[in-house]
Amino acid sequence: MMDYLLALLGLTFFIVITSAVLLIYPIIFPRIVEFPWNIPSKKDPRTVTLAGSYNPPHLGHIAMLQHLAKRHERVVAIVGFNPNKKYAVSPTQRVDLLKSMLKETSSDASITVKRE
């Protein structure tokens, strides 16, 4: 009887420790997917759009546009306008800001900026 209890206690201990390790291991040692992901050798001929308010345009927007430009022939950034929102700058000024940021940070001519 004592051997049975010890075996049951050992099995319970093993299950608890194994479960804890399986739950904690990914938190301590996460799997990291490195950027940039595989860039295809040939660009996709389709045109892609990235619409947003760009209020204000920032380096995250630029990174997304450059990422798309590496994979597609033509990228269009559409600066949107929501009449229910208050903006610090007009849509035209946001278009100009985004264009100037793209000129400074990228030489890719496949990115165009348009106003909604």
Point to revise | Test set (1) assigned to a loop (DSSP other than H, G, I, E, B); (2) closer than 11 Å to R115 by Cβ; (3) out of contact with any His (no Cβ under 9 Å at 6 or more places or on another chain) - T92 fails condition number | key: (1)
Exercise for review: State all residues of the range 105-114 that are loosely packed, with under 15 Cβ neighbours inside 10 Å and under 19 Å from N55 (Cβ atoms); if no residue qualifies, say none.
Suggested key: T105, K114
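Per-residue answers, yes or no, for (1) open to solvent by less than 90 Å² (accessible area, probe 1.4 Å); (2) at pLDDT 85 or above; (3) more than 30 Å from L97 (Cβ to Cβ):
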| position | (1), (2), (3) |
| --- | --- |
| S19 | yes, yes, yes |
| R31 | no, no, yes |
| R46 | no, yes, no |
| P57 | yes, yes, no |
| G60 | yes, yes, no |
| K70 | no, yes, no |
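The values are calculated or read from the model by the stated rules, or taken from the named source; none is laboratory data. Here the structure is a predicted model, which means the values were calculated and not measured. Cβ atoms come from the backbone with ideal geometry, glycine included; neighbour counts cover every protein chain shown. These area figures cover heavy atoms from the full protein model, side chains too; ligands, DNA and RNA do not enter into them. Shrake-Rupley method; radii C 1.70, N 1.55, O 1.52, S 1.80 Å.
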